[in-house]
Amino acid sequence: MLLIFDLDNTLYPTHEQVIQCREAAVKAMMKRGLPGTYEEIRKELNKVIKEKGSNYNQHFDLTVKRMTNLSRREQLAIITAGVTKYNTTKQELMKPYSETTRVLKKLKKKHNTCILTKGKEKKQWDKINRLGLYPYFKNNVWIVSDEESKETAIKKILKKFKTTNALLIGDRPDSDIKAANKTGIKSAQLMKGPYKNIKGPEPDYKINNLKELLKLLKSADD
């Protein structure tokens, strides 16, 4: 069977790590002189993220600009403190789920595996490299932009592997499961992260962790 994995919140806890990185960055900017309480700054930062999207690369710039009347030089001192702390915290925290690599090692023995993820290409590849996931997927990585649909990518993947016997594993009903259902392949929703309780298209299976995927596939083979 062909296994198509989502990346964020499926192979590693993206949401949890991002929250911790932002918390550390806000505290670093406050220490550097950004006025306001922690709650006020987080509220404004969250507003910017909601307005501009998660892939916007100037969240801190816009937050600082909105909250101060400081000179550009003074603003940059605050912004760069936040960026530096965000990146160092990200480096410390970026790890896959504890079971991810063990499960992938076992799956590679019997199944073809690939990644299908949304986001900026270099950013997603950087995650794959930092997480040590490249050996399990090699160049079988498909990255679509926020404007593109995963359905089109799934069709290309099925064509490459010359099969329709595939299972998509992801965390988002409104994206991963929806795309799998539309293209007629099986889907398994990982019940972790911020989307686990969101209503949407129903998956064929629900799993609480990736280890349960091994049992699911074994049952399918029996």
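Observations
- In the stretch 104-118, the residues that are at negative phi and touching a residue at least 24 places away in the same chain (Cβ under 8 Å) form Cβ pairs under 9 Å with partners that are β-branched (Val, Ile, Thr) and part of a loop (DSSP other than H, G, I, E, B), at six or more places apart or across chains, as follows: Asn112/Thr163; Thr117/Thr10.
- Verdict on Leu70 being hydrophobic (A, V, I, L, M, F, W, C), in a loop (DSSP other than H, G, I, E, B) and assigned by TED's automatic domain parsing to the domain that holds Thr84: yes
- Of the residues in the stretch 69-87, not one is basic (Lys, Arg) and within 14 Å of the chain's Cα centre (by Cα).
- Residue within the stretch 50-61 that is over 22 Å from Gly119 (Cα atoms), assigned to a helix (DSSP H, G or I) and among the basic types (Lys, Arg) present: no
- Only one of the numbered conditions (1) outside any helix (DSSP H, G or I); (2) loosely packed, with under 14 Cβ neighbours inside 10 Å is not met by Leu34, and that is (2).
- For the stretch 6-63, taking the residues that are among the basic types (Lys, Arg) and touching a Phe, Trp or Tyr at 6+ places or on another chain (Cβ under 9 Å), the one that is nearest to Lys127 (Cα to Cα) is identified as Arg22.
- Scope the stretch 150-186; condition free of Cβ contacts under 8 Å to residues at least 40 places away in the same chain and under 16 Å from the mean Cα position of the chain (by Cα); matching residues: Lys150, Pro173, Asp174, Ile177
- Selection from the stretch 176-221 of residues that are among the hydrophobic types (A, V, I, L, M, F, W, C), under 16 Å from Ile4 (Cα atoms) and assigned to a helix (DSSP H, G or I): Ile177, Ala179, Ala180, Leu213, Leu214, Leu216, Leu217
- Flag not set for Val83, criterion: in the same structural domain as Lys156 (by TED's automatic domain parsing), of a type in the set (A, V, I, L, M, F, W, C) and part of a helix (DSSP H, G or I).
- Top-ranked residue of the stretch 187-203 - restricted to ones that are without any contact (Cβ under 8 Å) to a residue 24 or more places away in the chain and not aliphatic (A, V, I, L, M), ranked as surrounded by the fewest Cβ atoms within 10 Å (Cβ to Cβ): Asn197
- Among the criteria (1) in contact with an Asp or Glu (Cβ under 9 Å, 6 or more places away or on another chain); (2) of a type in the set (Val, Ile, Thr); (3) surrounded by fewer than 16 Cβ atoms within 10 Å (Cβ to Cβ); (4) under 22 Å from Lys120 (Cα atoms), the one Thr68 does not fulfil is (4).
- Single residue of the stretch 77-101 satisfying the filter (within 13 Å of Leu133 (Cβ to Cβ) and in contact (Cβ under 8 Å) with a residue 40 or more places away in the chain) that is surrounded by the fewest Cβ atoms within 10 Å (Cβ to Cβ): Lys95
- Selection status of Ile19, among the hydrophobic types (A, V, I, L, M, F, W, C), without any contact (Cβ under 8 Å) to a residue 12 or more places away in the chain and assigned to a helix (DSSP H, G or I): yes
The values are calculated or read from the model by the stated rules, or taken from the named source; none is laboratory data. Nothing here was measured: the structure is a model prediction, and the numbers come from that model. We place every Cβ from the backbone using ideal geometry, glycine too, and count neighbours over all the protein chains shown.
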